[in-house]
Amino acid sequence: MLKISDLLKKLDEIAPFSDSEDWDNTGLLVGNEDDTVTGIITALDCSAGTVDEAVMQNANVIISHHPLIFPEISKVVNEGPGAVIRKLIKNDINLIAMHTNLDHQKNGVSHMIALELGYPETEILLPQKGNFKKLRVNINTENKEEFKENLLKNAPVGDMGDYTEVSYEYRVHGQFRPEDRANPTIGEAGKLEHVDEYVIECIFDGREQGAVIDAVRKYHPYEEPAYDIYSLDRKADTGLGVKFKYGDTLEALVKLIENKTGLKPVNIVKADDGIINTVAVIGGAGMSYSEAVFHSGADVLITGDVKYHEAYDAKDRGQNIIDAGHYIEVLMTKYLAALIDEQIDVPVQASKVSTNPFE
């Protein structure tokens, strides 16, 4: 039986909740971690109609992109979000939000939009700086392989992109003098000992530093292992938006969006007649990032919620914008359902209820 707590762990593998923005509200918003999952509905928004759909499908979990409880509410009454919350509770439906944590993945919402347009080969548009650290630990020659294997297989270290168990090593010569109270693995108390050692280095997520140190102490044969931890300044494999190579006109791209998604773009800012070689996509409202987007080499930005003055300024700067509407993010429901379906043995389906306020 799959419990909500187990499902949350699976979702955390797809899009770590720690990748959410500080202002966001993700994770389990309504429900009980001890409940057994009977079925899952993925949705852009959780509306009263979405809850009815879940009841009809015998699904007791709704995973929405947009948080229902956001910003924090001060009362739950039978109107607005409160009415939906009451309906969720009455029907024992759990609500989980995957918002900016899903936005920030390389296969997240913006990638899903590009995928729907027929462009699966994307790269992160605005990469985040990762909280990466490097472990540097000394180990004696005799115990090196056993220690390294235990560390790389059981500790959260050595992951780099699509590669695991990545490490580097080199020879060093060390010395130490155990004090009288020490219990050394090598050498004797009071005597200076010289040892041929190796240094093993591997990268890890800085948020896992405590677990890494615990693993070093657990698997290292020495009473007091010698290790250092360094902070690194390198890009993560997460970030906002995606970009892909295109090679056609702005008009052709607009038609492509209409034909592939069934959604008509709200407005178009055409700044020039040039060929669109690189397309940038930021699901939701992405105009606040426009300067960085075009600095990255994009020829057009597909996003939503573009304001008049934002459009005016973009055209003045020679920037092409396609306001595809915020609702274009609804495309994520089927792709998220597919990602979850690969991880669990419980019915998962995308919501068929429209929450488009402009229909």
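The values are calculated or read from the model by the stated rules, or taken from the named source; none is laboratory data. None of the values given here were measured: they were computed from a predicted structure. Cβ sites come from the backbone with ideal geometry, for glycine too, and all protein chains shown count toward neighbours. Side chains are part of the model used for accessible areas, which takes the heavy atoms of the whole protein and leaves out ligands, DNA and RNA. Shrake-Rupley method; radii C 1.70, N 1.55, O 1.52, S 1.80 Å.
Working note: Karplus 6.51/-1.76/1.60 with θ = phi - 60° gives segment 322-327 the couplings 10, 7, 7, x, 5, 5 Hz, where Gly and Pro are set to x.
Database remark: amide H of Ala271 closer than 5 angstrom to the amide H of Asn320, Ile321 (H placed geometrically; neighbours at sequence offset of 5 or more, or on other chains; Pro and chain starts carry no H). Which lysines have a Cα less than 27 Å from the Cα of Lys3, not counting those fewer than 8 places away in the same chain? List returned: Lys87, Lys90, Lys153, Lys334, Lys352.
Per residue, the accessible area of the chain comes to 52 Å², computed with a 1.4 Å probe over protein heavy atoms only. Amide H to amide H distances under 5 Å link Gly39 with Asn60, Val61, where only residues 5 or more positions off or on other chains count and H is placed in the peptide plane. Charge dipole of the chain (Cα centre as origin; +1 on each Lys and Arg Cβ, -1 on each Asp and Glu Cβ, all else neutral): 480 debye, rounded to the nearest 20. Longest stretch of the chain clear of exposed loop sites (chymotrypsin sites (Phe, Trp or Tyr not before Pro), DSSP loop, at most 11 other Cβ atoms within 10 Å, sites excluded): 24-357.
Overall, the accessible surface of segment 86-222 at a probe of 1.4 angstrom is composed of carbon and sulfur to the extent of 43 percent.
Nearest 500 deg cm²/dmol is fine: what mean residue ellipticity at 222 nm does the chain get from its DSSP H runs of n ≥ 4 alone, each adding -39,500 (n - 2.57), divided by its residue count?
-8000 deg cm²/dmol
What shape does segment 45-161 have by the C-alpha gyration tensor, where a ≥ b ≥ c are the square roots of the eigenvalues, rounded means a/c under 1.5, and otherwise prolate means a/b greater than b/c and oblate the rest? Verdict is prolate for segment 45-161. Distances between placed amide hydrogens fall under 5 Å for Leu29 paired with Leu95, Ile96, Ala97, all partners being 5 or more residues away or on another chain. Using θ = phi - 60° in the Karplus curve 6.51 cos²θ - 1.76 cosθ + 1.60, the 3J(HN,Hα) couplings for segment 351-356 round to 4, 9, 7, 7, 10, 5 Hz; x is entered for Gly and Pro. By definition, a body whose alpha carbon gyration tensor gives a ≥ b ≥ c is oblate when a/c is 1.5 or more and a/b is not larger than b/c, and the chain fits this oblate description.
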